[in-house]
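K.L.:
Pasting a structure below so you can have a look.
The values are calculated or read from the model by the stated rules, or taken from the named source; none is laboratory data. Values in this document were obtained by computation on a predicted structure and should not be read as measured data. With ideal geometry, Cβ positions are generated from the backbone for all residues, glycine too; neighbour counts draw on all protein chains shown.
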Amino acid sequence: MKTPKKKINKYVSDKLQFVCYSDFQDYLRKGKAIPDYVAINGLLFTIEEYDMAGKQMTYFNKGSGLTVLVENSDRYNRFDDTEVSLQDFGCYRNDINYAD
């Protein structure tokens with residue numbers, strides 16, 4: 001179920017609305033700031049978790065149950081090896097207010 005465009009526009013600017021996951025990966029590889037919200041293929045994802053080692057972050061869309069997994073060697077110092085993938089493991093947390 002896609003997120004309504006009006007709701008997406010409330011949380012993310014046009015530059016954070018991507019057609020596919022590889023576009024988000026390219027954005028991060030350029031060393032851009034890590035956003036709290038991102039829209040990919042019409043779904044609004046909220047950042048959910050990141051490890052303190054700087055190797056992994058997850059974004060979640062509660063409506064679809066899909067997770068965007070972002071992995072790299074060290075997000076504190078480099079982004080050029082960032083890999084973004086879509087995962088079907090739900091990691092809903094009740095302590096987060098999801099935007100979707």
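K.L.:
Could you list, in sequence order, the residues of region 1-37 that are hydrophobic (A, V, I, L, M, F, W, C) and either free of Cβ contacts under 8 Å to residues at least 60 places away in the same chain or surrounded by fewer than 13 Cβ atoms within 10 Å (Cβ to Cβ) (or both)? Please lay out each step first, then the result.
P.N.:
Here is the first cut: in region 1-37, the ones hydrophobic (A, V, I, L, M, F, W, C) are 1, 8, 12, 16, 18-20, 24, 28, 33-34.
Within region 1-37, MET1, ILE8, VAL12, LEU16, PHE18, VAL19, CYS20, LEU28, ALA33, ILE34 meet the criteria.
K.L.:
With the checklist (1) in contact with a strand residue (DSSP E or B) (Cβ under 7 Å, 6 or more places away or on another chain); (2) modelled with pLDDT of 85 or more in hand, flag the one item CYS91 doesn't pass.
P.N.:
(2)
K.L.:
If you don't mind, there's one more thing I want to ask. Hey, can you tell me all the residues within region 49-95 that are in contact (Cβ under 8 Å) with a residue 40 or more places away in the chain, of a type in the set (Ser, Thr, Tyr) and part of a loop (DSSP other than H, G, I, E, B)?
P.N.:
SER64, THR82, listed by residue number.
K.L.:
Mind listing whichever residues of region 55-90 are surrounded by 13 or more Cβ atoms within 10 Å (Cβ to Cβ) and hydrophobic (A, V, I, L, M, F, W, C)?
P.N.:
MET57, PHE60, LEU66, VAL68, LEU69, VAL70, PHE79, VAL84, LEU86
K.L.:
Please count how many residues of region 5-42 are over 14 Å from ASN72 (Cβ atoms), among the acidic types (Asp, Glu) and outside any loop (DSSP other than H, G, I, E, B).
P.N.:
2
K.L.:
Restricting attention to region 38-54, which residues are buried (at least 19 other Cβ atoms within 10 Å of the Cβ) and among the aromatic types (Phe, Trp, Tyr)?
P.N.:
If the condition is that a residue be buried (at least 19 other Cβ atoms within 10 Å of the Cβ) and among the aromatic types (Phe, Trp, Tyr), then PHE45 is the only one that fits.
K.L.:
Still on this structure: Condition first: under 10 Å from the mean Cα position of the chain (by Cα) and within 18 Å of ILE96 (Cβ to Cβ). Now tell me which residues in region 1-39 satisfy that.
P.N.:
Within region 1-39, ILE34, PRO35, ASP36, TYR37, VAL38, ALA39 qualify.
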